[in-house]
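Report on the following structure.
What follows is calculated from the coordinates using simple rules that are stated; it is not laboratory data. Everything numeric in this text was worked out from a predicted model, so none of it was measured. A quick note on method: Cβ atoms are made from the backbone with ideal geometry, for glycine too, and the neighbour counts reach across all protein chains shown.
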Amino acid sequence: MSMMDPMPEMCTRECCARPCAKNPRTGEYHKFCSLRCSRMHKQRLDDEPLPSKEHSFAFFIVLYAKLSKSGTRKERDN
Ligand SMILES: [Zn+2]
């Protein structure tokens, strides 16, 4: 590697430690090391559930756990 070549940046996708691919025609670096990583990264973003949806589901679980706990405690006290 000569001094003129800039260090390639790492692949944008998490869990990927490979350097970005270089466009042989333009000499510019891509955001990802491969087209596969680019697709997987995009897919991961699409698959992420909506935060509000996830939050309400977690809230329901906590509420349910609290209700069932208090229910058994009452039975035990009586
Ligand atoms: Zn990659």
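Numbers for the structure displayed
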{"read-out": "Chain lengthening between A58 and M7 when straightened (0.36 nm per residue, less Cα-Cα)", "value": "14.0 nm"}
{"read-out": "Simple spin-label estimate for S70 and E14 in nanometres, 7 Å along Cα-Cβ", "value": "3.5 nm"}
{"read-out": "Nonlocal amide H pairs with M10, under 5 Å, H built at 1.01 Å", "value": "C20"}
{"read-out": "Burial order of peptide ranges 8-18, 60-70 (average beta-carbon count within 10 Å, highest first)", "value": "8-18, 60-70"}
